[in-house]
1. Kirkwood hydrodynamic radius, the stretch 37-289, all distinct C-alpha pairs: what's the number in Å?
2. Divide, for the stretch 299-403, the radius of gyration over alpha carbons by 2.2 N^0.38 Å, where N is the residue count.
3. Quick check: residue separation of Ala261 and Thr306 times 0.36 nm, minus the Cα distance between them. What number comes out in nm?
4. With springs only between Cα atoms under 10 Å, which of Pro312, Pro14, Pro404 fluctuates most in a Gaussian network model of the chain?
5. Given the options Ser412, Ser284, Ser337, state which has the largest fluctuation in a GNM of the chain using a 10 Å cut-off (strictly under) for Cα springs.
6. Identify all aspartates and glutamates with a Cα-Cα distance to Lys236 below 15 Å; exclude those on the same chain that are fewer than 8 residues away in sequence.
7. Tell me which residues come under 5 Å, amide H to amide H, from Leu405 once H is placed; ignore anything under 5 positions away on its chain.
8. Name the residues whose placed amide hydrogens come within less than 5 Å of the amide hydrogen of Val39, ignoring near sequence neighbours (fewer than 5 apart) on the same chain.
Amino acid sequence: MSFSWAKPYEPKHPFMRWLDDRLPLPRIVYHATGPGYPVPRNLNLWWNFGVLAGIFLTIQIITGIVLAMHFYATADGAFNSVNQLIMRDVNAGWLLRYAHMNGASFFFIVVYVHIFRGLFYGSYKAPRELVWMLGLVIYLLMMATAFMGYVLPWGQMSYWGAQVITGFFSAFPLVGEPIRVWLLGGYAPDQAALTRFFSLHYLLPFVIAAVVILHIWALHIPGSGNPTGVDVKEEKDTLPFHPFYTAKDGWFAGAFLTLYAIVTFYAPNYLGHADNYIPANALSTPAHIVPEWYFWPFYAILRSFTADFILPAKLWGVLAMFTSILLLFFLPWLDKSPVRSGSYRPVFKRFFLLLIVDVIVLGYVGGAEINPFNIALGQIAAAYYFLHFLVILPIVSAFETPDPLPNSISESVLHGEAAEAAPAGQGKPRRGSVATAG
């Protein structure tokens, strides 16, 4: 479909014409994020979080590079380099450290909202399966990067977090313990582990950036989805990305970054753990070992298995934890509903709200102390998590009767005005499947 407002890229300056003939990078940017990129006109605020994720990735890379210039990747010097050199001796080092530390938490907040938006609006459905899967690859890389970064300050929670997380691999028979020793470079976290984690923590953000480029590339082939889940059918269904969505994304990013700045300046340690300001001590185990808050739901699933059944409980927990993420890759085939948007799926919408509550409960249990009540609560929440994706979602998608869909994106935006302007019988909402939105 051609768009009358989409003017072809015509560089005015001689240098830009010369560059465009030899390296058409400005042309690519123009058609990817500029006036040449058509976007559905009904995108709401939930679509702003993709841009925010890119902003926080950029913040993490820039602050991380500068912090790496002052970090000592040694078991004897890591703690002091973070808490003394960077925090007190480097100009604005405290700001860089707090911006990087809280940037990781806000990056995960933004990505979690982005994922749940995709779950509600069916962003994993054809033809966007690969967009969804590349997004999940980014999420897995984020988790690995965040874990390795959490180890670098070499405080108590860093050391014992490395001990516990790498201990997951020892649950696998035969190969588990050799893999754990290979990861750590020894039998316990020490200099070899710190060096390896530092090098990988520095490298992986650039890998994430490369996969983000693939993610955006895959998105631009079918085009952006929209809240109705219906196709772009005519020119008036779309708007140019610039200036409409650059302005929309820009003010929202400013508001969200203001919240980020407030936390960074006034509550920089609120999302962290106090024990990480104690130097690592292999002879003193913290009373309550927990990972960072963004891992709590998966940690709760891990701890839900307390008894051996055919396999050891620890192995069941590790398998369940990894499966809880991997099953998201199969959502395009688990959810067979022809309607993408949850806005038109009344039964799905109720179960989606239950899923959000369930994940919040898992997050609470993952960060709470171990006691009989929390263990039971975590087991119920973990069971529902798998029940939702493996049983409830396929059944609902097969038997649910969706609400009538709008004929077009413009009709949904104009709230019936397009229907009144259309010839009789052509503007009424109808039921039906959708082809290329998500």
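1. On the way: mean 1/r = 0.0497 Å⁻¹.
One decimal place: 20.1 Å for the Kirkwood radius.
2. 1.19
3. Values: separation 45, 0.36 × 45 = 16.20 nm, distance 4.14 nm.
Once the chain is fully extended between Ala261 and Thr306, it gains 12.1 nm.
4. Judging by the Gaussian network model, the answer is Pro14.
5. Ser284
6. List returned: Glu411, Glu417.
7. Residues meeting the amide H criterion: Arg430, Arg431, Gly432.
8. The list, which skips near neighbours in sequence, is Leu239, Phe241.
Any read-out appearing in this document is the output of simple, stated calculations on the displayed coordinates, not a laboratory observation. Worth saying up front: this structure is predicted, and the values here are computed from it rather than measured. Glycine also receives a Cβ, built like all others from the backbone with ideal geometry; neighbour counts cover every protein chain displayed.
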